[in-house]
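Worksheet: the structure to be examined is printed underneath.
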């Protein structure tokens, strides 16, 4: 009898395979670890949106003083650095032709006065002649009317004609007097103009300031300031430095926050002084090349420590929000867009919710709606996160610095 070994061996292998398969399928599935994410807590804080910009001091006003008339510099009594008062004489020009014009205009006034005297005498003579002619005509006319036929009609007509002629001569004399008076007005006007032009030979300071540049010397030929700028040379340059302008180029994204009277701090680093002031004026228009708006602060400089051309750091306080709910900037997705979202931590799950934001500073943003105090929000990178995801939330490392931003 032959014993078949294949049957017991096949049964043994089947049993072992079934046992292994049963042990593999009956085990528990492996657990999925929750993602670790940092969070920040929504808390009240004071937000201040400040802007720090570099700026330059400039004179409150500065002008190149030109001459109204052409002439040679007869005398110049100021130099660079001299402080002058408004109306103080800076230079005197020698203009001989102006003196000739003044004498001529004065003579014209005298001639006009003489013509008026002559015209007035003519009016007096014409008035006397008109009176006697009218009286003669009236007498003849009365006699002719009372005693008809006594006075020939021709004599009456001649007397009447002489009366009318004398009246016309009186009217002509009055017109001549009026013309002489008008001529005198014109002569006086010309004399006043010549006097004014002669006064332009004396060049005076237009305002109180300091001479910052001197162009001319004694004997220099000065063209009239109304001439071409390529020909006309100024006498001096004067600047008003008792008050200086600080002109700040505010970038376009901060223009909306600029207002008159806004508090500012001007830090003059090379002198180590801080000056508090206010926005005095702003252009309300952007420079197209730089996309900035010129904003000016007037800074008193009565002691003269500040010099035009110095640089300063200007701190503009654009906005402040005390005790408002806020979050770090990296907690919000879509800042500046129509859809702004955050991942809210609820227990160990994430919820994606929409919020509304307000004032934004360099590190935090104001929360207007969508969150409440004490809510925990994921900060940092949000890539890979999804709504409903299970997470292990831990406080962010900067949570201890929430008080003020």
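FYI, it's all coordinate maths here, none of it is from the lab. Computed from a predicted structure; not experimentally measured. Please note: Cβ atoms are built from the backbone with ideal geometry, for glycine as well, and neighbour counts cover all protein chains shown.
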So, with points 7 Å from each Cα along the Cβ direction, the residue 286-residue 138 label distance in nm works out to 8.9 nm
Its Cα gyration tensor gives the chain an equivalent ellipsoid whose semi-axes in whole Å, largest first, are 105, 35, 20
In a Gaussian network model of the chain with springs linking alpha carbons closer than 10 Å, the residue among 81, 388, 71 that fluctuates most is 388
Comparing 144, 171, 216 in a Gaussian network model of the chain (Cα, 10 Å), the one with the largest mean-square fluctuation is 144
By the Kirkwood definition, with r running over pairs of different Cα atoms, the stretch 102-170 has a hydrodynamic radius in Å of 14.3 Å
Taking Cα atoms only, helix 6-25 is inclined relative to the longest principal axis of the chain by an angle, in degrees rounded to 10, of 40 degrees
Residue 147 and residue 385 label points (each 7 Å along its Cα→Cβ direction) are spaced in nm at 13.7 nm
Going from the fewest other Cβ atoms within 10 Å to the most, one would list 145, 111 as 145, 111
Computed over the chain: longest principal axis from alpha-carbon atoms vs helix 96-146 long axis, angle to nearest 10 degrees, is 50 degrees
Taking Cα atoms, the helix 153-199 axis meets the longest principal axis of the chain at an angle in degrees (rounded to 10) of 40 degrees
Taking a ≥ b ≥ c as the square roots of the eigenvalues of the Cα gyration tensor, with a/c under 1.5 meaning rounded and otherwise prolate when a/b exceeds b/c and oblate if not, the stretch 216-255 is oblate
Once residue 346 and residue 64 are pulled to full extension, the length gained, defined as 0.36 nm per residue separation minus their Cα-Cα distance, is 94.4 nm
Per the 1/(1 + (r/R0)^6) rule, R0 = 25 Å and r from the Cβ atoms of residue 121 and residue 100, FRET efficiency to 0.05 is 0.20
Note to self, the chain gives a 222 nm [θ] from helices alone (DSSP H runs n ≥ 4, -39500 (n - 2.57) apiece, / all residues, nearest 500) of -11000 deg cm²/dmol
Across 323, 147, 392, the residue with the highest GNM fluctuation in the chain (Cα network, 10 Å cutoff) is 147
Taking 92-98, 205-211 and ranking on average Cβ neighbours within 10 Å, highest first, one gets 205-211, 92-98
